[in-house]
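Student: Below you'll find the structure I mean.
The values are calculated or read from the model by the stated rules, or taken from the named source; none is laboratory data. Since this is a predicted model, take the numbers as computed values, not measurements. So basically every Cβ, Gly included, is an ideal-geometry build from the backbone, and we count neighbours across all protein chains shown. Surface areas here come from the heavy atoms of the whole protein model, side chains and all, with no ligands, DNA or RNA. Shrake-Rupley method; radii C 1.70, N 1.55, O 1.52, S 1.80 Å.
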Amino acid sequence: LYNYLPNEAIDNYDIDSNKILMISRLTKEKGVYEAINVMNDLREYNLKLILAGDSPELKDIKAYVKSKSLDDIIYFTGWIDDDKKYTLFKDCFVSILPSHFEGIPMSILESISFGVPVIASRVGGIPEIISDNEGYLHEAKNEKELRKLIIEMYENREKRIAFSKSCLKKYEGKFTESKHIRQLYNIYSELGSDNLCQV
């Protein structure tokens, strides 16, 4: 039974943005250092990375960015509320999550609900929600592969448009509130309860 999200589709999602978005608890295990290292190789593409989230490691992460002289292309937002989240998703061409391990990440479900393509590591439950139609998957800790996929996503506008449409289609098919309630009802039905309310 998957989590659900309210439908917040973006009508004017910026498919031509140069911003990469990572919304996560910013820790080593979430792959934040891989994301930072990749940006060092993407300067020629004039891309920006937005790191949205908080962490006890944030001071060290910011110091690492500064030591790599990347503070002109990597930006930190700190913790964000839903309104800010909407704005960030609206203004990026892809969201990434190069995590080392995961369950079903809410940030990826949110990205799908906004119609934003995803690049994420092939770990945990991520392959259950991201297929070849919604974005790209890569091996965890593989910076070379992550870099290649970001470039491929950025350089192929038609692919981004197709991914975006597929993300919204998957959201509507699996992750809306009504789908969640129906799945929950079916689970209880299979358990043989005689006192289910009608949905």
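Student: Filter the range 61-89 down to the residues that are modelled with pLDDT of 95 or more and of a type in the set (Gly, Ala, Ser), then identify the one that is farthest from Leu21 (Cα to Cα).
Tutor: Checked the range 61-89; the qualifying residue farthest from Leu21 (Cα to Cα) is Ser67.
Student: Another question, if that's okay. Here is a check on your reading of the model: is Lys144 open to solvent by 60 Å² or more (accessible area, probe 1.4 Å), more than 17 Å from Lys19 (Cβ to Cβ) and at pLDDT 95 or above?
Tutor: Here the answer is yes, as Lys144 does meet what is asked.
Student: Limited to the range 26-45, what total is found for residues that are at pLDDT 95 or above and either open to solvent by less than 30 Å² (accessible area, probe 1.4 Å) or not in a helix (DSSP H, G or I) (or both)?
Tutor: Final tally of qualifying residues: 9.
Student: Residues in the range 59-93 that are surrounded by fewer than 12 Cβ atoms within 10 Å (Cβ to Cβ), among the hydrophobic types (A, V, I, L, M, F, W, C) and assigned to a helix (DSSP H, G or I): how many?
Tutor: Residues that pass the stated criteria total 1.
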